[in-house]
There are 2 protein chains.
Amino acid sequence: MSGISRFRETNRYFCTMSFIQTDTYQVRSYETDASGRLSVPTLMNWMQESANRNALDYGIGMADLARQGFGWVLMRFRLQINQYPVYNDIVTVKTYPTFVEKFFIYRDFQVLAADGSVLAVASSVWLTFGMERRTMVPLPPFIRAVDPPAGIVPQEKLSLKLDSVPMAGCVTQEQPVRFYHLDQNQHTNNVCYVQWLLESVEADTLRQHRLTELDLFYRAESHWQDTLLVGSRRLEEGLNYQHRIEQADSGKELLIARSVWQ
Amino acid sequence: MSGISRFRETNRYFCTMSFIQTDTYQVRSYETDASGRLSVPTLMNWMQESANRNALDYGIGMADLARQGFGWVLMRFRLQINQYPVYNDIVTVKTYPTFVEKFFIYRDFQVLAADGSVLAVASSVWLTFGMERRTMVPLPPFIRAVDPPAGIVPQEKLSLKLDSVPMAGCVTQEQPVRFYHLDQNQHTNNVCYVQWLLESVEADTLRQHRLTELDLFYRAESHWQDTLLVGSRRLEEGLNYQHRIEQADSGKELLIARSVWQ
């Protein structure tokens, strides 16, 4: 726990309150996929919505950062899905920060069914960029001051290194970045990448199997009207894939990922 | 009002109850577009979610139809947007059937802000297809028996004819139908078409203007792995567009539409 900030001043910049965010979502018809299960992009949207709301309570929401010239970037996300809810199910998402370091803040998620059983868990790593130079900066003091809630049991810290995935050997498809793919920072929404890489696996995998693990490493941003190349490679053992998304013209790596299906 | 069914038997097939559906939705961060306003696809998803829930109360939900070998198809949708909600706003969607005819059921929508002001209205026309032959069939008796709520003021009936839009003269882009574009009937979700046709207008229109009217005529379905051609043509007067979506290989017309921006 040595990574946790011990800042204790209390003023409008240095918030020492601790919050566990708890939201409920009821599965809407359009949030399911063709098989009737909650879609993975919707699940990820819910988790990030709850993360945003938790950040607001800590005084480190998107608007709080924007006022000081910073923005949030998701760097790592690792999702494990045990069971999928279906239409009308009521689902609880819990999220809270777990570690705060010089450059990175870690955040865990739990997704629970109405009976309290664990549908999914996730962990994530976030960083801040400075809007002026649009590069990564150390977490500003008002974020460093965040105190993770007492009594939580953090998931293991995600590795900040992941082997690159070469595009050679991948099945690829082109993907233009269109208007509704953008977030309010004018970057491609990180959940759009997930939708694209899941859609790039074999039809039989999408129809007959279910995603159980997804590990994402976001490497760079993309923008409106960029053309991306989305690649997936099935590994020899089991239903495991590697994925890569890059800029089609430059080959610049945007995302590397791995997925496991059952 | 001669088109309203006067069926009055009450048994499990002939439901004569009347319901106005009222749901509230709070705008989530990922439901806004790059300009921070509620996205039009999300607004349409909300309206159809409420329509589904209203249909459930009437005993004519998707599952009720599927059990008897039928499915719902949206044929016409006309949307007028006065004002866009933003993040965190609480929005009420009201919907109810207005007319029931031999082949078509009409449904209206009102979208209200927390202060009761009207953000948007819409009207729509739905038909049923028989799952066996996958063609349009007359509304089965348990749907004909639906009684629109008393005291409503229906919007004008939508025309069931709309001039075709030729692809010649349109700016076009290709769109593959991917896994997450499918609904549970294994057709392309009707809101995906809307996203694609809005994204096909000029960048300046998307950035500087707001959609105020959208009129949709769904002509045929498409399926997973189809390749579609999405076309838009700006008319000479004002910010008005015509749109067409067709099968790329056959030219078969799937959707014609018109949009007005301000």
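The values are calculated or read from the model by the stated rules, or taken from the named source; none is laboratory data. Just so it is clear, the structure is predicted and the values come from calculations on it, not from any experiment. For neighbour counting, all protein chains shown are included, and Cβ atoms are generated from backbone atoms with ideal geometry for every residue, glycine included. For accessibility, only protein heavy atoms count, side chains too; no ligands or nucleic acids. Shrake-Rupley method; radii C 1.70, N 1.55, O 1.52, S 1.80 Å.
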Practice task
Could you list the GluC sites (Glu not before Pro) in the stretch B:192-262 that lie in coil according to DSSP, counting only those with at most 13 other Cβ atoms within 10 Å of their Cβ?
Solution key: B:Glu236, B:Glu237
Completion exercise
The chain A residue whose Cβ lies closest to the rotation axis carrying chain A onto chain B, with that distance rounded to whole Å, is A:Glu174, 5
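Shielding by partners for A:85-91, please: the mean number of other protein chain Cβ atoms within 10 Å of each residue's Cβ.
1
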Fill in the blank from the handout: Long-range amide H partners of B:Ala120, meaning residues 5 or more apart or on another chain whose placed amide H is closer than 5 Å, are B:Asn82, B:Val111
Practice task
Could you work out, residue by residue across A:103-110, how many beta carbons of other chains sit within 10 Å of that residue's beta carbon, and then give the average as an integer?
Solution key: 0
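For chain B, what is the calculated [θ] at 222 nm in deg cm²/dmol (nearest 500), taking -39500 (n - 2.57) for each run of four or more DSSP H residues and dividing by its residue count? Don't skip to the answer; put the middle values down first.
Numbers: 5 runs with 44 residues, N = 262.
Theoretical 222 nm ellipticity from helices: -4500 deg cm²/dmol.
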Exercise for the section: Using every Cα-Cα pair within chain A, state what percent have a distance larger than 33 Å. Expected result: 20 percent
Exercise for the section: Kindly rank A:39-52, A:59-72 from highest to lowest mean number of other beta carbons found within 10 Å of each residue. Expected result: A:39-52, A:59-72
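Express the Stokes-Einstein translational diffusion coefficient of the protein assembly as shown in µm² s⁻¹, to the nearest whole number, given a Kirkwood radius over alpha-carbon pairs, 37 °C and a viscosity of 0.692 mPa s. Please report the intermediate quantities before stating the final value.
Working: Rh = 24.7 Å.
Translational diffusion coefficient: 133 µm²/s.
Just need the relative contact order of chain B here, percent rounded to a whole number, with Cα pairs under 8 Å and 6+ apart. Working shown, then result.
Details: 563 pairs, mean separation 49.8, N = 262.
The normalised contact order for chain B reaches 19 percent.
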Practice task
List the distances, in nm to one decimal, from the label point of B:Asp204 to the label points of the same position in every other copy, shortest first, placing each label point 7 Å from Cα along the Cα-to-Cβ direction.
Solution key: 5.2
Completion exercise
A:Glu221 and A:Gln262 label points (each 7 Å along its Cα→Cβ direction) are spaced in nm at 3.7 nm
Fill in the blank from the handout: In this structure, the FRET efficiency calculated for A:Gln208 and B:Ala114 from their beta-carbon separation, with R0 = 41 Å, to the nearest 0.05, is 0.35
Fill in the blank from the handout: If labels are modelled 7 Å from Cα along the Cβ direction, B:Met167 lies from its partners in the other copies at nm distances, smallest first, of 2.8
Practice task
One decimal, nm, shortest first: give the distances between the label point of B:Thr22 and those of the same position in the other copies, each label point 7 Å from Cα along Cα→Cβ.
Solution key: 2.9
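Per residue, how much accessible surface does the stretch B:17-62 expose to a 1.4 Å probe? Answer in Å², no decimals.
Working: 1380 Å² over 46 residues.
That works out to 30 Å² for each residue.
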Fill in the blank from the handout: Most fluctuating of A:Val91, A:Val111, A:Val137 in the GNM of chain A (C-alpha, under 10 Å) is A:Val137
Exercise for the section: Would you calculate the volume per residue, in Å³, of the smallest convex hull containing every Cα atom of the stretch B:75-162? Expected result: 139 Å³
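How high is the relative contact order of the stretch B:45-199, in percent, with contacts defined as C-alpha pairs under 8 Å that are six or more residues apart?
Details: 215 pairs, mean separation 31.7, N = 155.
Relative contact order, the stretch B:45-199: 20 percent.
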Exercise for the section: Take every residue in peptide B:24-30, count the Cβ atoms of other chains within 10 Å of its Cβ, and give the average of those counts. Expected result: 5
